[in-house]
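*Asks:* Take this structure first; my questions come after.
Derivation of every value follows stated rules applied to the coordinates shown; laboratory data play no part. These numbers were taken from a predicted model, which means no experiment stands behind them. With ideal geometry, Cβ positions are generated from the backbone for all residues, glycine too; neighbour counts draw on all protein chains shown.
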Amino acid sequence: MPSDTPAPTGPATTTYRDLLRVSEFTGLYVSFTLTAAATTLSGFALGTLVNHQTRSPFLTAVSMYGATFAAVLGALTLMSVADGRRPRRTVVALQCVSLAGVAAQAIPGLPLAARFVLLLVLGFFQSLATGTRMGLLVEVVPDSAYAPARSLMNITSGGTAILGYAIGAVLLRYLSPAEVFVVAAVLTGLGLAVLAGTVRDHSIRLTRRPGLRQTWKTNAALFSHAGQRALLLNLWVPNGLVVGCEALFISYDPDHAGVFLAAGSAGMLLGDLTVGRLLSADRRRRCAFALRLLLAAPYLLFAVHPPVLVAAFAVFAASAGFAATLPLQERLLELTPDPVRGQVQGVESAGRMTWQGIGAAIAGGLAQHLAPGTAMTAVAAVSVAVTVASRPLVARARAIDRDGVRTVS
């Protein structure tokens, strides 16, 4: 049933400058940026280390995105903590776990098996932290500013990844992967300090104690809603399969993997800036399908192993299609009652992360038997097919919303 909880009040914040005048949003934003930088560096360092030790495309892909497999466990068990009584305390504690995990990766000579266990543990807790952080986001900005706020975070994530992959490639020329993990741990610690010093606790959004039962109840309501199911399908599957293409960059061309990763991050930045800042909500929705097609179609070129510049441009263009997540996320938020917005956003994020891991595993598995370029093309073709086949479901989600139907909780 619809919630009686009032939406956040305040001016209709629509510009990035206005958002950054909100001190708590700035704290969330800076902490997110530092954490994203740490994740980029540690992921690149781990992928490089695993590739050097195993020469396995599958293990390399899983090492870069393996944490996403555990995200679904967070969504299925304890994601209701995202809407608990003390969200600030929760996200600070979860950030502390992340700091410990990244620091543990810096231990020299740590067995690969232990590194993969750490990935799974971190993925579980990071999924809970994401849900809690997104729940806080809708508390500190008004609803009208949600899309610009997510856009700014996505843009920053893209920009941070560009710098992170470039800096990571340089650092690994002079430092060992263990030393790069130390740098990542320092950035994670700085993000924790900013978060603890700037964000306060907000309203109690749940009337019952968060836990396994509450998580299952809210998830059951979420997946019983046809419109939300359609949106989640389109947020998870096409994106995850394309991330599988990205997971093969190191195996496809080790010497230019950093160039491809940076090009992808730049394309994501441009797409989010254009869609989140320059387009109205109505125009964002109208272009969502075209953006989802753009997300995968350029990777079909990798079947013919194009020149590096052509391949980098294809990756750049494709990554602009990730901006399709903005109108879909905006629509999902509209269909979600206020008291469970943190959990629903956490489930969406966890599912998207999990499908990134699934996409990486699928692409890596194919690359064990096919050339990496051929595997990338096959996975991209499936992404296009899913996008086209699911288009009527998204249209039906819009029709449901126009009839005024909302999910229950």
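*Asks:* In region 16-402, if the dipole is taken from +1 on Lys/Arg beta carbons and -1 on Asp/Glu beta carbons about the Cα centre, which of 60, 313, 270 is farthest to the positive end?
*Replies:* 270
*Asks:* Taking the Cα centre of the chain as the origin and placing charges on Cβ (Lys, Arg +1; Asp, Glu -1), which of 349, 118, 162 is farthest toward the positive end of the dipole?
*Replies:* The residue sitting farthest along the positive end of the dipole is 349.
*Asks:* Taking the chain as a Gaussian network, Cα atoms linked when under 10 Å apart, which of 152, 294, 212 shows the biggest mean-square fluctuation?
*Replies:* Highest fluctuation of the listed residues: 212.
*Asks:* So, one more: Return 225, 52, 256 ranked ascending by Cβ neighbour count within 10 Å, so the fewest neighbours appear first.
*Replies:* Going from sparsest to densest Cβ surroundings: 52, 256, 225.
*Asks:* Take region 144-246, compute every pairwise Cα distance, and split them into 10 Å bins from 0; I just need the percent in each bin.
*Replies:* 10, 21, 34, 26, 9, 0
*Asks:* Going through region 23-94, which trypsin sites (Lys or Arg not before Pro) have at most 13 other Cβ atoms within 10 Å and a DSSP loop state? Each step should come with its number before you reach the end.
*Replies:* Values: sites: 55, 85, 88, 89; in loops: 55, 85.
Answer by residue number: 55.
*Asks:* Shifting gears a bit: Can you list the HN-Hα couplings for region 305-317, worked out from phi with the Karplus curve (6.51, -1.76, 1.60; θ = phi - 60°), rounded to whole Hz and with x for Gly and Pro?
*Replies:* Values per residue, Gly and Pro as x: 6, x, x, 4, 5, 5, 5, 5, 5, 4, 5, 4, 5 Hz.
*Asks:* Can you give me the convex hull volume of the Cα atoms of region 147-206, divided per residue and expressed in Å³?
*Replies:* Looking at region 147-206, the number lands at 117 Å³ per residue.
*Asks:* Test of understanding: in a Gaussian network model of the chain with alpha carbons linked when under 10 Å, which of 272, 253, 83 would top the mean-square fluctuation ranking?
*Replies:* Judging by the Gaussian network model, the answer is 253.
*Asks:* Is there a quick way to get the dipole size of the chain? I mean about its Cα centre, with the Cβ of Lys and Arg at +1 and of Asp and Glu at -1; what is the value in debye to the nearest 20?
*Replies:* Dipole of the chain, to the nearest 20 debye: 800 debye.
*Asks:* Would you mind ranking 388, 180 so that the residue whose beta carbon has the fewest other beta carbons within 10 Å leads the list?
*Replies:* 388, 180
*Asks:* In the chain, if the dipole is taken from +1 on Lys/Arg beta carbons and -1 on Asp/Glu beta carbons about the Cα centre, which of 29, 234, 102 is farthest to the positive end?
*Replies:* Positive-end residue among those listed: 234.
*Asks:* For region 241-363, what is the convex hull (Cα atoms) projected area averaged across all directions, in square nanometres?
*Replies:* 7.9 nm²
*Asks:* For region 16-402, what is the convex hull volume of its Cα atoms per residue in Å³?
*Replies:* 122 Å³
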